[in-house]
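Inspection log for the structure reproduced underneath, given as structure tokens.
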């Protein structure tokens, strides 16, 4: 019992840090660069992706023995596209402003590699319980990474956070940060930090082994 | 990676299924997905239409300051004809027909017309609505409904307060002219946005083109009254 619990926690935690979809696997770059110009857009995109990933993982995992192998990718795409369209309608109905801001990028959740990747490599081979934990971990990691890019971009590029002005009139916004190049700058900078940290950790571990010998 | 160890043997040993089975599986998936989508569409449609109508209504009130109620008019044979809202015919409405909205204050006095207009901008079509006072022949308000202009530059057409002040009392006759930022001297000139020349040009072009469409009809309507 204990080992199963551990396994579940592990599957949940790996998406947040060790296998973070954006910073480690470098998946889902299209939304990570395109809609992270404000913190609100990043959060909304993260939550929309969470909904789609969670629902698709549950469905794919519970139908995993019924979907014939040769057509599995097609079946996953049908499932994902259905949920994406549902999200599209729901956002237009309940939060028209966010729907307007995200525009075409909601429909593009269908082609987010993160979602299809989780179906193929995890949900289709594991029980529903594990698939839920995996999906939640991965989407939390994705939302976290989106915010990591979106918050600094909004602060530097518009001088505000979640639309609240942070600085006085004299602040000159760093406009490039909310333009597409700003997305690349921020992502590159964060990837640099992440890889430097991982590299340092690896070197420390190696040094420890050497010392022990 | 950890998940590679989890390949269940039954998937690996499975025999090639028949084509019929494949077609059936995808057919069922498509059918179910269709049912879910139609259900969501029917459920959300009234809300989405309400949002759109409310966005239009609040835009009309915004571009016509002091507006209390409005009536819809359409353009037919160069004349303004009042359009009666008929719920039963609403679905068959022709989306291409040109509409404007006449706004009245609480004494039922005409304030002006809210005129929708669109024009290609830098990225995509800019959809706007502006308020026009037919007595003074000036534009009294301007609101962007849809735009994908560049954040930080082109989106100043609706985010920049200085640009918005251009449309407090903008003379439309004979033509609106775009000038460089800070050079506005005459009532028919619009102060452009530095760094967003194309977006500024699009807005001025939009106002001129839309006025050309409506000018005659509105003048006729006003002299008839």
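Please tell me if residue A:51 is at the interface with chain B (Cβ under 10 Å from one of its Cβ atoms), surrounded by 16 or more Cβ atoms within 10 Å (Cβ to Cβ) and not in a loop (DSSP other than H, G, I, E, B).
No: the conditions fail for residue A:51.
This table checks each residue for (1) within 12 Å of chain B (Cβ to nearest Cβ); (2) more than 24 Å from residue A:186 (Cβ to Cβ); (3) modelled with pLDDT of 85 or more; (4) surrounded by fewer than 15 Cβ atoms within 10 Å (Cβ to Cβ).
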| residue | (1), (2), (3), (4) |
| --- | --- |
| A:8 | no, yes, no, no |
| A:30 | no, no, yes, yes |
| A:33 | no, no, yes, no |
| A:38 | yes, no, yes, no |
| A:43 | no, no, yes, no |
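Note on the range A:86-101: among residues that are modelled with pLDDT of 90 or more and either under 18 Å from residue A:30 (Cα atoms) or more than 9 Å from every other protein chain (Cβ to nearest Cβ) (or both), the one that is surrounded by the fewest Cβ atoms within 10 Å (Cβ to Cβ) is A:88. Evaluating residue A:74 against the criteria (1) in contact (Cβ under 8 Å) with a residue 12 or more places away in the chain; (2) within 9 Å of chain B (Cβ to nearest Cβ) leaves one unmet condition, (1).
Quick check on the range B:173-181. Is at least one of its residues more than 14 Å from chain A (Cβ to nearest Cβ), within 30 Å of residue B:80 (Cβ to Cβ), out of contact with any helix residue (DSSP H, G or I) (no Cβ under 8 Å at 6 or more places or on another chain) and surrounded by 17 or more Cβ atoms within 10 Å (Cβ to Cβ)? Working first, answer last.
Keep residues of the range B:173-181 that are more than 14 Å from chain A (Cβ to nearest Cβ), which gives B:173-181.
Going one step further and asking which of them are within 30 Å of residue B:80 (Cβ to Cβ), we end up with B:173-178.
Imposing the further condition that a residue be out of contact with any helix residue (DSSP H, G or I) (no Cβ under 8 Å at 6 or more places or on another chain) reduces the set to B:173-174.
Remaining after also requiring surrounded by 17 or more Cβ atoms within 10 Å (Cβ to Cβ): none.
There is no residue in the range B:173-181 that is more than 14 Å from chain A (Cβ to nearest Cβ), within 30 Å of residue B:80 (Cβ to Cβ), out of contact with any helix residue (DSSP H, G or I) (no Cβ under 8 Å at 6 or more places or on another chain) and surrounded by 17 or more Cβ atoms within 10 Å (Cβ to Cβ).
Screening the range B:129-225 for strands (runs of 3 or more DSSP E) wholly inside it with 3 or more residues that are over 30 Å from residue A:181 (Cα atoms) returns the ranges B:138-146.
Out of curiosity, is residue B:20 at pLDDT 90 or above and within 11 Å of chain A (Cβ to nearest Cβ)? Step through it out loud before you land on a result.
On the way: at pLDDT 90 or above: no; within 11 Å of chain A (Cβ to nearest Cβ): yes.
No, not satisfied.
Pairs meeting the criteria (first residue in the range B:104-119 and over 21 Å from residue B:220 (Cβ atoms), second residue assigned to a strand (DSSP E or B), beta carbons under 6 Å, at least 6 apart or on different chains) are B:105/B:111; B:118/B:125; B:118/B:127; B:119/B:126. Does residue A:65 meet the test of being within 21 Å of the chain's Cα centre (by Cα) and surrounded by fewer than 18 Cβ atoms within 10 Å (Cβ to Cβ)? No: the conditions fail for residue A:65.
The values are calculated or read from the model by the stated rules, or taken from the named source; none is laboratory data. As the structure is a prediction and not an experimental result, all values here were calculated from the model. Cβ coordinates were reconstructed from backbone atoms using ideal geometry, including for glycine residues, and neighbour counts include every protein chain displayed.
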